[in-house]
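The values are calculated or read from the model by the stated rules, or taken from the named source; none is laboratory data. Only a predicted model underlies this, so the values are computations on that prediction, with no experimental measurement involved. In this analysis, Cβ positions are derived from the backbone assuming ideal geometry, glycine residues included, and neighbour counts consider all displayed protein chains. Keep in mind that these areas ignore ligands, DNA and RNA; they rest on the heavy atoms of the full protein, side chains included. Shrake-Rupley method; radii C 1.70, N 1.55, O 1.52, S 1.80 Å.
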Amino acid sequence: MYNSKSSLLLLLFLINSFIFFCNADSGTKCSNTSSLIGFESNFTMVQHQLRGHFKILDDCSFQVSRFDMLSGSSDVVFWGAVAVDFSNITRGFPISDHRLNQTTYKNASFSIQLLPNVTWDQIKVLSVWDVTTLSDFGHLTLPTNGSDLYPSRVHTMFDNCKNLSGNYRVRWSLNVEDNWIEIGLEAATKTMNYMAFGWANPNGTKELMLGADIAVAAFTEEGRPFVDDFYITSYSECMLHGKDGSAVGVCPDVVYENTTNGMTLNNTKLVYGHRRDGVSFIRFRKPLNSSDDKYDLPVNPTEEMTVIWALGLMKPPDTIRPYYLPQNHGGPMMVAYGHLRLNASKNVDDCFGPLDADDKQDQDLIIASAKVPLVVTTGEALHYPNPPNPSKVLYINKKEAPVLRVERGVPVKFSVQTGHNVALYITSDYLGGNATLRNATETIYSGGPEAEGVMASPYELVWAPDRNTPDQVFYQSLYQPKMGWRVEVVDGGLSDMYNNSVFLDDQQVTFFWTISKDSISIAARGEKKSGYLAIAFGGEMVNSYAYVGWIDNAGKGRLNTYWIDGKDASNVHLTNENLTHVRCKSENGIITFEFTRPFNPSCSSHDKKKECKNILDPTTPLRVVWAMGAKWSEHLSERNMHSVTSQRPVRVMLMRGSSEAEQDLRPVLAVHGFMMFLAWGILLPGGILAARYLKHVKGDGWYQIHVYLQYSGLAIILLAVLFAVAELHGFFVSSLHVKFGIAAIFCACVQPVNAYLRPKKPDHGVEASSNRLIWEYFHVNVGRGAIVVGIAALFTGMKHLGERYKGENVHGLSWALIIWFLIGALIVIYLEYRERQRRRDWFLGRGNWVLGNVEEDDSVDLLNPHHASARTGSQNSGLMEVQLEPLSR
């Protein structure tokens with residue numbers, strides 16, 4: 001019984017083993033019928049620094065070697081599609097159950113099995129695909145038939161690769177027969193930085209750069225790659241001598257010959273270039289032995305030669321130098337520059353894995369403001385950050401698919417001008433395009449079918465992210481996926497914590513503040529990337545108290561206070577203000593700092609430190625300026641001073657929570673004020689006093705004084721007006737000062753016309769006509785009224801100076817003006833008293849007889865030569881009439 005059971009169990013075990021091995025054999029067995037077997041190609045890089053070699057092994061498997069890729073999501077697979085365009089590749093299918101897990105691949109090799117229902121005939125494009133984000137990391141195209149087994153060249157693959165530094169590599173392929181070498185420069189560096197590589201002069205000594213033949217590769221402001229052939233004659237930026245126009249320094253070859261035919265000297269030929277994931281890559285070809293034996297060095301591919309390299313900032317062309325010129329690389333050796341011995345024919349591959357940039361985001365960053373609407377349009381996809389993508393994508397403020405940063409609690413206003421077939425919405429889904437149909441968990445935060453419009457009638461969409469809004473959402477089109485991009489939602493700390501905020505000059509810095517009983521809390525945030533941010537209290541950086549925030553080499557935020565008394569680095573003096581709640585941080589290069597300080601520094605009465613004078617009065621406008629630069633350190637030099645600064649201070653009204661741009665008192669306006677004081681405060685009143693109180697003096701001297709002073713005052717007035725109009729670039733009547741000034745000038749200009757039209761003076765003893773009496777009344781009162789209005793214009797001008805231009809000593813000048821006119825009023829009172837006394841004496845019959853002609857002849861026009869000569873002739877005739885008569889008015 002036992003033996004029969006054992007035999008039965010043994011039989012069943014053998015049957016199961018046979019079935020298992022049969023199935024195993026059938027699963028591993030693969031035919032070799034496809035015409036594509038043996039096909040090899042390289043992956044075209046799209047994202048994540050993907051490189052690799054591909055080979056079809058048989059009908060159901062392929063091999064990947066030399067595979068590099070930065071980590072993606074947990075759902076990255078090999079993907080098949082019929083074409084590489086957006087609509088076809090997004091409708092593709094996985095071809096294997098192999099997952100490229102969340103790790104960085106470094107020169108990896110592995111074999112992949114196709115899924116049982118997938119054949120090579122179904123696959124026209126093979127991609128490394130992120131299913132979660134619908135992202136193409138890299139792909140290759142399979143031939144359509146067996147005879148077309150020669151793949152197109154992939155520009156990112158080379159025969160050799162050498163690490164120059166931790167973030168800079170050189171790749172190359174050599175073709176001695178055709179006399180060329182193709183070089184690929186690859187660096188994890190900033191967009192506007194250059195990559196330089198070339199051969200040192202073999203006859204040189206220690207000065208390797210002098211006489212070197214290098215290629216400098218970079219990208220233009222529009223993102224186009226370029227490469228130029230350079231020759232080094234000096235350790236300096238390329239300069240032209242004025243006398244003979246010769247060039248010296250690090251200059252393009254074409255500059256030395258001063259020729260317009262640049263192609264004859266620029267022997268480097270651009271092949272390809274791109275910028276991906278914060279890494280610049282440019283491929284170019286140059287001859288081993290060039291026809292230009294003056295500025296190009298021959299390259300012996302079989303010998304070790306010294307090569308030099310550098311990374312640094314590229315200076316864009318200007319009107320003086322129409323070339324892109326590399327700046328001093330700076331930095332330590334073997335990080336920013338270096339040299340090594342290289343044999344170009346020797347196979348080298350020490351580049352292990354892809355370059356991984358710290359900042360992979362090259363897209364523009366737009367920071368939303370509650371006051372300025374974001375204009376949303378559509379346009380051509382040129383540098384969309386998450387390929388593949390449709391041909392048309394969303395633009396915000398004319399920037400292609402930028403990263404949008406918003407603050408919780410701050411409403412964001414969109415002016416939607418995308419057309420009637422594109423509706424904007426804010427979604428939690430990475431792709432958008434009415435994602436609820438495939439993603440039941442999608443959350444729509446704002447927008448929808450109604451959020452569409454055109455330029456003539458835009459739709460205004462207002463979205464207010466709150467504390468429950470995730471840190472990352474997306475702006476997308478409701479109808480088509482992958483048209484928009486990311487929205488960074490940050491804590492609205494600055495807006496929530498501070499009661500007031502204003503933009504400083506040029507809207508490059510936002511200034512926040514909250515006033516407490518004895519202190520003020522202040523925050524400043526830059527609106528673009530910088531190495532440090534500084535604000536200062538004062539009319540300019542000189543003679544101001546500055547607050548500088550930056551990130552040190554350890555990544556820690558720092559904030560220091562300074563007193564600045566000059567324009568050199570030596571004039572920046574560290575102070576020790578009593579700051580509390582100090583914070584400084586950098587987000588994607590945007591510096592933000594905060595602090596709290598007392599209105600009155602905690603200093604003793606005998607303390608003479610500079611910071612003790614930094615007193616803030618919340619009732620007085622605070623003048624604020626700002627500056628930014630690339631780098632700040634404890635030990636300042638000219639190289640780390642600011643690179644961009646405000647053009648003028650902004651007057652911040654702390655109590656009112658508002659601001660206005662301040663215009664400095666210009667010297668021409670100061671001249672304008674002095675000229676007006678000379679006219680309305682001295683000349684014109686002097687002319688009136690002469691006509692009023694000097695008529696009893698013998699002769700017509702009063703008349704000459706009156707006419708000359710009035711015409712001189714009027715000329716100075718008109719000249720002063722021209723100065724002000726020219727300085728202010730226009731004539732504006734918004735202020736009370738200008739209105740008074742116009743009225744005074746009008747009255748002053750009426751007087752000469754009135755004098756020209758005066759009726760004839762009656763003969764002695766004849767009663768004056770009514771026209772003469774009306775004229776005299778009008779002339780006298782218009783003149784006196786002009787003086788009153790002119791004086792009012794002077795005082796309103798001083799008031800305008802103090803309120804708008806923050807002129808120094810305005811208070812003292814105003815009092816000086818008041819005292820001047822008080823003295824003038826006392827003089828007038830005294831003269832009027834003497835005049836009335838004289839008249840009374842005459843009526844009482846005292847000795848009021850004088851020898852001379854007391855009848856004023858005001859008909860004489862002193863500006864007319866004819867009358868002047870006639871009067872002179874009468875005086876020289878030798879005839880004199882002596883008449884005794886009482887003085888009468």
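Tell me, what is the per residue accessible area of the chain in Å², probe radius 1.4 Å?
53
Give me a comma-separated list of calculated 3J(HN,Hα) values for the range 308-318, in order, Karplus coefficients 6.51, -1.76, 1.60 applied at θ = phi - 60°, integers in Hz, x for any Gly or Pro.
10, 8, 6, 10, x, 7, 9, 8, x, x, 9
Test of understanding: what is the full-extension gain from Asn32 to Lys698, defined as 0.36 nm times their sequence separation minus their Cα-Cα distance?
Here the answer is 226.4 nm.
Quick query: amide H of Thr132 versus all other amide H atoms, modeled in the peptide plane; which residues come in under 5 Å with a sequence gap of 5 or more or a different chain?
Asp75
Using Cα pairs under 8 angstrom and six or more residues apart, how large is the relative contact order of the chain, in percent?
6
Can you compute the helix-only [θ] at 222 nm over the chain? Use -39500 (n - 2.57) per DSSP H run of at least 4 residues, normalise by all residues, nearest 500 deg cm²/dmol.
Calculated at 222 nm, the ellipticity per residue is -7500 deg cm²/dmol.
Find how many whole Å separate the alpha carbon centroid of the range 347-370 from the alpha carbon centroid of the range 401-415.
When both Cα centres are located, 24 Å separates them.
Could you go through the range 533-547 in sequence order and give the Karplus-derived ³J(HN,Hα) for each residue, using 6.51 cos²θ - 1.76 cosθ + 1.60 with θ = phi - 60°, rounded to whole Hz, and x for Gly and Pro?
3J(HN,Hα) across the range 533-547, in whole Hz: 10, 10, 10, 9, 9, x, x, 7, 5, 6, 6, 9, 9, 10, 10.
Measure nothing but the geometry: give the 0 to 90° angle between the long axis through the Cα atoms of 865-875 and the longest principal axis through the Cα atoms of the chain, rounded to 10°.
Helix 865-875 sits roughly 30 degrees off the main axis of the chain.
For Thr306 and Phe226, what does the FRET efficiency come to when R0 = 35 Å and r is the distance between their Cβ atoms, rounded to the nearest 0.05?
Calculated transfer efficiency: 0.85.
If you find the alpha carbon centre of the range 97-138 and of the range 763-799, how far apart are they in angstrom?
Value for the Cα centre distance between the two parts: 98 Å.
Counting Lys and Arg as +1 and Asp and Glu as -1, each charge on the Cβ, what is the dipole of the range 39-141 about the Cα centre in debye, to the nearest 20?
240
For Lys124, go through the lysines and keep the ones whose alpha-carbon is under 20 Å away, minus same-chain ones fewer than eight residues off.
Candidates past the 8-residue exclusion: Lys55.
Given R₀ = 56 Å, what would the calculated FRET efficiency be for Leu736 paired with Leu574, taking r from the Cβ atoms and rounding to 0.05?
0.75
Run the numbers on the range 291-352 and let me know its relative contact order in percent, using alpha-carbon pairs under 8 Å that are six or more apart.
40
Taking amide hydrogens as modeled 1.01 Å from N in the peptide plane, which residues meet the under 5 Å criterion relative to Arg623, leaving out close sequence neighbours?
When sequence neighbours closer than 5 places are left aside, the close amide H contacts are Gly538, Val652.
Please compute the length gained on full extension between Ala816 and Phe352, using 0.36 nm multiplied by the number of residues separating them and subtracting their Cα-Cα distance.
159.0 nm
Leaving ligands, DNA and RNA out of it, rank Lys482, Lys556, Lys761 by accessible area with a 1.4 Å probe, largest first.
So the residues, ranked largest to smallest area, are Lys556, Lys761, Lys482.
For the pair Thr133 and Asn439, how long in nm is the line joining their label points, each one 7 Å along Cα→Cβ?
1.3
If amide H atoms are built 1.01 Å from N in the plane of the peptide, which residues on other chains or at least 5 residues away come under 5 Å of the amide H of Gly447?
So Gly447 has HN proximity to Ile426.
Under the definition of Cα pairs under 8 Å and six or more residues apart, what whole-number percent is the relative contact order of the range 160-343?
Relative contact order, the range 160-343: 22 percent.
Does anyone have the angle between helix 701-728 and the longest principal axis of the chain? Alpha-carbon axes, 0 to 90°, nearest 10?
The answer is roughly 10 degrees.
Asp296: net charge of surrounding residues, Cβ under 10 Å, Lys/Arg +1, Asp/Glu -1, itself excluded?
That works out to -3.
Hey, rough spin-label estimate for Arg840 and Lys760, points 7 angstrom out along Cα→Cβ, what's it come to in nanometres?
4.0
Quantify, in whole percent, the carbon and sulfur part of the accessible surface of the chain (1.4 Å probe; protein heavy atoms only).
That share works out to 56 percent.
Could you give the length gained by full extension between Leu831 and Asp607, i.e. 0.36 nm per residue of separation minus their alpha carbon distance, to one decimal place?
Here the segment from Leu831 to Asp607 would lengthen by 75.1 nm.
Taking the 0 to 90 degree range and rounding to the nearest ten, how far is the long axis of helix 810-844 tilted relative to the main principal axis of the chain, both from C-alpha atoms?
10
Going from most exposed to least, what order do Tyr498, Tyr459 have by accessible area with a 1.4 Å probe?
Tyr459, Tyr498
Can you tell me how the range 160-343 classifies by the Cα gyration tensor, rounded, prolate or oblate, using a/c under 1.5 as the rounded cut?
Taking the square roots of the gyration eigenvalues as a ≥ b ≥ c, the range 160-343 is rounded.
To the nearest 10 square angstrom, what accessible area does Met333 show with a 1.4 Å probe?
Roll a 1.4 Å probe over it and Met333 shows about 90 Å².
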